[in-house]
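One structure below.
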Amino acid sequence: MRFWPRLRQVWRQLVHGRQVERELDDELAAYVSLAADERARGGVAADEARRRVLAESGGLQQIKEQVRDVRSTSFVDPLMQDVRHAFRQMRRAPAFTAAALSAIALGIGASTAMFSVVEAVLLRPLAYRDAHELVAVLHDRTDPVAPANFLDWRQQAKSFSSMAAAEFWTPNLGGSAPEKVFALRVTPDLLPQLGVAPALGRFPGAGPEALTEAVIGSSLWQRQFAADPGAIGRSIQLDGTAYTVVGVMPASFKFAPFWATRAELWAPLDLTARATSRTGNSLRVFARLAPGVGLDAARDEIAAITARLEREFPGTNRRVEVTPLREMVVGDIRRPILAVFAAVAFVLLVACANVAHMLLARASSREREVAVRAALGADRGRLVRQFLTESVILGLAGGIAGLGLAYTALQFIVAIAAPEVPRIDSVALNGAVLAVALATSVITGVIFGLAPAIRARRPDLTTTLKEGERGSTVGRGTLSRRGWIIATEIAFASVLLIGTGMMIRSFAALRAVDPGWVPDRVLSMAVSVAGSAEAPPGRRTLFYQEALARVRTLPGVEAVSAINHLPLAGDIWGTPFTIDGQPAPAAGDTPRATFRVVLPGYFDTVGLPILRGRDFTDRDDFDTPAGVIVNQSLVDTYFGGEDVVAAGRRLRFDGEGTAPIIGVVKNAAQSDWASPPSPELYVAYLRNRMFRESPRSHATFMTFVVRTSGDPAPATASVRRTIQSLAPDVTISDVLLMRDLVTQATAGARFLLTLMTAFGVVALVLAAVGVYGVMSYVVAGRRHEIGIRLALGASPRGVLWQVVKQGLVIAAIGTATGLVLAAGMSRLVAGVLYGVEATDAVVFTIAPMALVFVAALASFAPAWRASRVDPVRELR
């Protein structure tokens, strides 16, 4: 029979088995009747004719078996018998069933939940057409590109069917309630390149007349236009300029997926004025591979193009990388997610070992049954199949219970997930996850059922009777098998505990990082004047000064100032500089430093100490000589740590002359909490022409910082009201407490720590239960022997120690194995640790000691019962 007809027959036998058997009986009865009638017509008596037909056919039951073999359904009835037997066994031992199902549910629930995360974050394709063809072309994998370089790449590269660029933009959306919008300016071919059509309308055009067209996201469409389809063709004000809405993207559309992830508006990018600029890198470049072109070929071509441009324009085309877009999305989160997934795999293995140990215990009580069945002629394969069927049914039942735990665990994981975990909001128990959960349930059922099934394959009645003779002792073979299983369980638990210890040490090191500034009692908010009455150059500075002065008078406010980009939460700008009095560096080797613009009092407000020199004052404007403040890292890197203020050292900036270093501040956390400090310099807002006069959105906002005498959160509303009472049309966004920045900066480590700790505790509990079970089994099986020992003079303390020692031996073997496994897997966790070695001696000492201690505690209760055995009762 072919596959599908055979499958239909098996399905009919499973679902309509009784009907199929009745039909077969009817067919055989009709055959016998017709054959007997034919012989009767030849002169044979009716009864003799029927007897001959049955004899010649070999018997009706044999015919039925042959028919079932042809239909491939001969295994169905025995299988159903095994299934029914498995359910009867589960009902007969409810306590055992509940314990086993709990262990399986924990293992499968945890593994299913984490696989859901892996599937959504690492495996699921991006929601674009042929997403595997999309790449990003950037400096050092993540750094932006200059306009002229992008235009040259697009013109010269043949490995891409299209190449487009995007630039981050945060315009103010005008209206009765102005708000800042996260947006992108994009070249005309970027959105079509993604292959996602607008839900309404169209993409912006490519001509000059399309420069004021915009496509908006679904959330902005609902918020601004109440999801009105008539929004197409309507006008909106962005930074005071009218834009026409020409399209609305689907609710599921998000771009870019790794940078500017909150964008909900896309407008044309005009590079005409910057077409020859190879500085001011601000573009992210995206491309689609041409048909038949592989990633390696595209990389080779880009390497050749950038090498030519680097020779022509030194320092402008270095370290350009072509990276699949999906890798950009996953970023550095791959290793942490896989590390946690490996931890979950160990939890599942611990659960399997635990259940295998319980099944062995139950199999021990059924040894006589199995031996007798074998002696009566039961086929070994049938015995093995029965045990495996029982374990698989147990695995499937545990898997169903585990799905409920997985759903709950997913809610918890999503709630505590770090902001940098991409696509975490799309995690769900979808079809792929459910299929994996089903397969895991079956496979684990086979794994933990192998040990009892193998024992059932070779039953030995004589040995069984000897090992349990007169109920005096547990057989050494039985104890050895169970001990090794629990030792394996402890080994897996050791790996998890060591991983948890590593994460605890790493998190403690992260929390001990000194950010330079003092986050307590500081409130921040971005205040933008773009498109408002305060935006003109003559008005902007006065507005900021007056707003700060009014906020300073509020009750509870101790200090207030402003900075262009807040550390950790804001963008990072770099600026080139040279050291006055030193030879000019070679082209492309000009030093760079992080560039920040501040108003007077910023360092005092955030608690960033000035180590030498002075702060900016209101007199540091265009009527006074320029001055800069640098951090200690810049001094150490370029001046060897000398006192640059006293020495009168000066920095030179292109087109702006030189500026003396008037102060040195402590190193501060910049874009990443754990990164080592890099050179940074601060300039006075009152002396920066771009921030005082430029109409571009990135220069029309400042981030206010406010230090209060108490909790800053209640002051948020009064600060907002004060600013908006002065200028109702400015926007206030990104309201943050700086203490929350610290929480966000360590959120990734906290996320991993929480998950690893949860899984480590589960593994520890399962291991303790396993040790307790083994020792309880030993004591129960050796009560008669222990009674004889006590009657012959053994002390209760000696009996107690003997039992505990057996548990400690099992724990020692398991922890030693776990240490070897953990050392071998150290590379997996090395990339997610901070300030601690992957083979940290403290963790590798304390974790095994803790596990051995728990094993000793788990052994103590059975040992105590053993020491209290009544010799008189046992001897009777």
*Mean Kyte-Doolittle of at least 1.0 plus a Cα span of 30 Å or more along the axis: flag which DSSP H helices in the chain meet both, please.*
94-118, 334-365, 380-416, 431-457, 747-781, 796-824, 841-867
_DSSP-loop chymotrypsin sites (Phe, Trp or Tyr not before Pro) across the stretch 626-707, with at most 15 other Cβ within 10 angstrom_ = none
*Order R284, R129, R619, most accessible first, counting only protein heavy atoms with a 1.4 angstrom probe.*
R619, R129, R284
*Give the long-range amide H neighbours of H565: residues separated by 5 or more places, or on another chain, with amide H under 5 Å away, using H modelled in the peptide plane at 1.01 Å from N.*
V597
*Amide H neighbours of L611 under 5 Å, counting only residues 5+ apart in sequence or on other chains, H built in-plane at 1.01 Å?*
V664, V665, K666
*Please work out the FRET efficiency for the pair E546 and D571, using the Cβ-Cβ distance as r and a Förster radius of 30 Å; give the result to the nearest 0.05.*
0.70
*Pairs of Cα atoms under 8 Å, at least six residues apart: use those to get the relative contact order of the chain, whole percent.*
15 percent
*Quote to one decimal, in nm, the extra length available between T658 and D296 on full extension: 0.36 nm per residue of separation minus the C-alpha distance between them.*
125.8 nm
*Using a Förster distance of 25 angstrom, determine the FRET efficiency expected from the C-beta separation of D870 and W801, and round it to 0.05.*
0.80
_Using a 1.4 Å probe on the protein heavy atoms, what percent of the accessible area of the chain belongs to carbon and sulfur?_
58 percent
_the stretch 102-225: Cα Rg divided by the 2.2 N^0.38 Å rule of thumb_ = 1.46
*Report R612's accessible area, 1.4 Å probe, all protein chains in place, as a number in Å² to the nearest 10.*
70 Å²
*Rounded to the nearest 10 Å², what accessible area does W259 show when all protein chains are kept and the probe is 1.4 Å?*
40 Å²
*Whole number please: convex hull volume per residue, Cα atoms of the stretch 621-667, in Å³.*
79 Å³
*Among F255, W153, Q802, which residue has its Cα positioned farthest towards the positive end of the charge dipole of the chain, with +1 placed on the Cβ of Lys and Arg, -1 on the Cβ of Asp and Glu, and the dipole taken about the Cα centre?*
Q802
*Taking the Cβ-Cβ separation of R696 and L857 as r and a Förster radius of 51 Å, what is the calculated FRET efficiency to the nearest 0.05?*
0.15
*Could you order S867, S33 by accessible surface area, starting with the largest, using a probe radius of 1.4 Å?*
S33, S867
*Grab the Cα-Cα distance for E312 and T212, subtract it from 0.36 nm times how many residues apart they are, and report the gain in nm with one decimal.*
32.4 nm
*Order the following by accessible area, largest value first: W484, W221. Probe radius 1.4 Å; ligands, DNA and RNA are ignored.*
W484, W221
*Which whole-Hz couplings ³J(HN,Hα) result when phi for each residue of the stretch 271-281 is put into the Karplus expression 6.51 cos²θ - 1.76 cosθ + 1.60, θ = phi - 60°, listed in order with x for Gly and Pro?*
9, 4, 6, 10, 5, 10, 7, 10, 10, x, 4
_Please compute the modelled spin-label separation between T845 and T590, points set 7 Å along Cα→Cβ, answer in nm with one decimal._
5.4 nm
*Quick one: which residues, 5 or more positions from L269 or on another chain, have an amide H under 5 Å from its amide H? H modelled 1.01 Å from N in the peptide plane, none for Pro or chain starts.*
V186, T187
*What value, in deg cm²/dmol to 500, does the helix sum -39500 (n - 2.57) over DSSP H runs of n ≥ 4 give at 222 nm once divided by the residues of the chain?*
-17500 deg cm²/dmol
*Roughly speaking, what is the stretch gain from E785 to I610, that is 0.36 nm per residue apart minus the C-alpha to C-alpha distance, in nm to one decimal?*
55.2 nm
*Mean separation of Cα contacts under 8 Å (6+ apart) over length of the stretch 789-868, as relative contact order %*: 58 percent
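The values are calculated or read from the model by the stated rules, or taken from the named source; none is laboratory data. Fair warning: this is a prediction, and the values are worked out from it, not measured in the lab. Glycine gets a Cβ as well: all are built from the backbone with ideal geometry, and neighbour counts include every protein chain shown. Heavy atoms of the whole protein, side chains included, go into the accessibility calculation; ligands, DNA and RNA do not. Shrake-Rupley method; radii C 1.70, N 1.55, O 1.52, S 1.80 Å.
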